Amino acid sequence: MADKKEFKNDFSWSFSRDNAFNTCKRKYYYSYYGSWGGWNKDADELSKKLYMLNKMTSLPMLAGSIVHDEVERTLKILRYGRKADIEKSKENVIKNFKQSWAQSKNKEWEDSPKWKANLFEHYYKKSLSDQELLDIRDLMVNSVDGFFASDSYRFIQTMSDTQWLAIEDLDSFEVHGAKLWVKLDFAIRHGERVYIYDWKTGKVAKENEVQLAIYALYAKQKWDVDLNLIRLFDVYLNQQLPVKVKPTNRLIDSAKGFIENSIDSMKELLTDVDNNKTEIDLFPLASEDRESYPCSYCSFQTICYDEKEIGN
Ligand code: SF4
């Protein structure tokens, strides 16, 4: 009988990990160390709570993830030779939003924190105006409109599914001695070229280019394609704005440097680098004011401010 493989907290790097590291060291610790194993029924109460809080989402994040799911569903319809219906997609995003909202309101996440939505706004009793909810609805519906009207969708429709390379596939590759997780929204081969798309529902941000550069590094390795044959697109669906990014040597070098520095800084805070172990005291709180950034947006507030057993 094969040995049961141990599920180990190996060090890996991702964009969101870097973001947590730079926002608040304590938040980073809770997300990547304190909450580890909190999905197990026999885990200690603190790990379980940190795990639950780590799975928490917010209204804009929920809206973005619902739109991503709908774009993925639409492309898969296309793959099976059927015609996608924009009105059906708009209905879907609203229906899925209502379903997640109800899960959060009814605290269904208590038994299933990974699969049922737990909204920051509900958990921390934030009051929401009707206008704020309408804005979220508009964001989702406009993003669906933006996708159906995009040149990217038109282009993809002219391709055969044999040219598809990736659709929301989670994969990893190695950079600077660390596993780097990537999830490409969509990639397609056309002739010698590889086209990579990242659907965005948020605002245009320059740092998204670094994320695309990381995808280019992955594509080069995975599909053995020259960088100059890779085409990268951030498609801002809500604004109907496609941003084409060139994987120039300069951009790729700066992305590599960015990742290497980030990995080195994270590893400096490990007490046992080989086993990815560390201690909470090395990770200070970013602030002592619950009402100010970054705490005011942080899902771990209750640990840092309401429960003093480890938040000091
Ligand atoms: S509540 Fe503030 S101090 Fe605590 S983990 Fe979050 S950002 Fe850091």
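Any read-out appearing in this document is the output of simple, stated calculations on the displayed coordinates, not a laboratory observation. Since the structure is predicted, the reported quantities are computational estimates derived from the model, not experimental observations. A quick note on method: Cβ atoms are made from the backbone with ideal geometry, for glycine too, and the neighbour counts reach across all protein chains shown.
Within segment 176-188, is there a residue that is among the acidic types (Asp, Glu) and loosely packed, with under 15 Cβ neighbours inside 10 Å?
No, segment 176-188 contains no residue that is among the acidic types (Asp, Glu) and loosely packed, with under 15 Cβ neighbours inside 10 Å.
Can you pull out every residue in segment 260-302 that is basic (Lys, Arg), outside any loop (DSSP other than H, G, I, E, B) and over 26 Å from Ile214 (Cα atoms)?
Of everything in segment 260-302, just one residue is basic (Lys, Arg), outside any loop (DSSP other than H, G, I, E, B) and over 26 Å from Ile214 (Cα atoms), namely Lys277.
If a residue has to be part of a helix (DSSP H, G or I) and charged (D, E, K, R) to count, how many in segment 202-222 make the cut? Explain how you work it out, then say what you get.
Just the residues of segment 202-222 that are part of a helix (DSSP H, G or I), to begin with: 208-222.
Of the ones still in play, those that are also charged (D, E, K, R) are 209, 220, 222.
Number of matching residues: 3.
Name every residue in segment 279-301 that is of a type in the set (Ser, Thr, Tyr) and either more than 7 Å from the ligand (Cβ to nearest atom) or without any contact (Cβ under 8 Å) to a residue 40 or more places away in the chain (or both), in order of residue number. Give the steps one after another, and end with the answer.
Our first condition is that a residue be of a type in the set (Ser, Thr, Tyr); within segment 279-301, this holds for 287, 292-293, 296-297, 299.
Hits for segment 279-301 are Ser292, Tyr293, Ser296, Tyr297, Ser299.
Quick check on Leu251: is it touching a residue at least 24 places away in the same chain (Cβ under 8 Å), more than 20 Å from Cys24 (Cα to Cα) and of a type in the set (A, V, I, L, M, F, W, C)?
Spelling it out, Leu251 is indeed touching a residue at least 24 places away in the same chain (Cβ under 8 Å), more than 20 Å from Cys24 (Cα to Cα) and of a type in the set (A, V, I, L, M, F, W, C).
Can you name every residue in segment 223-259 that is within 15 Å of Leu165 (Cβ to Cβ) and assigned to a helix (DSSP H, G or I)?
Once the filter is applied, which keeps residues that are within 15 Å of Leu165 (Cβ to Cβ) and assigned to a helix (DSSP H, G or I), segment 223-259 yields Trp223, Leu229.
Among the numbered criteria (1) touching a residue at least 40 places away in the same chain (Cβ under 8 Å); (2) surrounded by 15 or more Cβ atoms within 10 Å (Cβ to Cβ), which one does Ala166 miss?
(1)
What are the residues in segment 7-35 that are among the hydrophobic types (A, V, I, L, M, F, W, C) and either in contact (Cβ under 8 Å) with a residue 60 or more places away in the chain or within 16 Å of the ligand (Cβ to nearest atom) (or both), if any?
Correct list: Phe11, Trp13, Phe15, Ala20, Phe21, Cys24.
Tell me which helices (runs of 4 or more DSSP H) are completely within segment 97-200 and hold 2 or more residues being of a type in the set (A, V, I, L, M, F, W, C), or say none if there are none.
130-148, 151-157
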